[in-house]
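S.K.: Structure below; questions to follow.
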Amino acid sequence: MRYSPLALALSALIALSASSGPSDGQETIDPRAASLEAIGRGALAAGDTLQANDAFEAALAVDPGATPLLIDLAQAARREGLQGKALHYYRAAMDREPKNLAAIAGEGEALAEKGALEKAQRNLARLQGLCGADCAATRELAAAIAKGAAPQVVSADELKPKDAVTAN
């Protein structure tokens, strides 16, 4: 009983110091998840988005708390042209780590690809406030905003020739 206040104060101090430490964005993930992530990144580099997506999802099942895996899933979704799905993953990553530069930049790039340039500009301003104008993430997002929206996919029905009546 006499050590209870001391133990309580010590545990509060440890909890406070652990939660307020600097975050460099490099969290360690489970080694099994890391190997699956490496497989996914290799597949993504080779252009196989389905295999990359499968590997990233398997890695996330092994280590559900790994924020970098959410960003990897978002990048795979963007590569497939699924910006809405990518936005979901980027926002989940930012819910976990609000100052994650890769998630903020990726969300801005996905927004720019969708044509939401005003919202992408907000992400750019946020990045400039966090890491400055010379930060790699800031430069990449600025380039994506300057590039503008990705071209829209045209359906086959729109390319069908119109029936024309001609006289013989």
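S.K.: Filter the helices (runs of 4 or more DSSP H) completely within region 91-152 down to those with at least 2 residues that are among the acidic types (Asp, Glu) and modelled with pLDDT of 90 or more. Break it down into steps so the answer makes sense when it comes.
M.R.: Values: elements: 101-114, 117-131, 136-147.
Counting at least 2 such residues, we get 101-114.
S.K.: Restricting region 52-101 to residues that are surrounded by fewer than 18 Cβ atoms within 10 Å (Cβ to Cβ) and of a type in the set (Lys, Arg), which is nearest to GLY42 (Cα to Cα)?
M.R.: ARG79
S.K.: Take region 102-118 and flag every residue that is surrounded by 15 or more Cβ atoms within 10 Å (Cβ to Cβ), over 15 Å from LYS147 (Cβ atoms) and of a type in the set (D, E, K, R).
M.R.: Answer for region 102-118, where residues must be surrounded by 15 or more Cβ atoms within 10 Å (Cβ to Cβ), over 15 Å from LYS147 (Cβ atoms) and of a type in the set (D, E, K, R): just GLU107.
S.K.: Restricting attention to region 36-72, and to residues there that are part of a helix (DSSP H, G or I) and among the acidic types (Asp, Glu), which single residue is nearest to the chain's Cα centre (by Cα)?
M.R.: Applying the filter and picking the extreme gives ASP72.
The values are calculated or read from the model by the stated rules, or taken from the named source; none is laboratory data. Just so it is clear, the model here is predicted, and its values are computed rather than measured. Every residue, glycine as well, gets a Cβ built from its backbone with ideal geometry; the counts of neighbours run over all protein chains shown.
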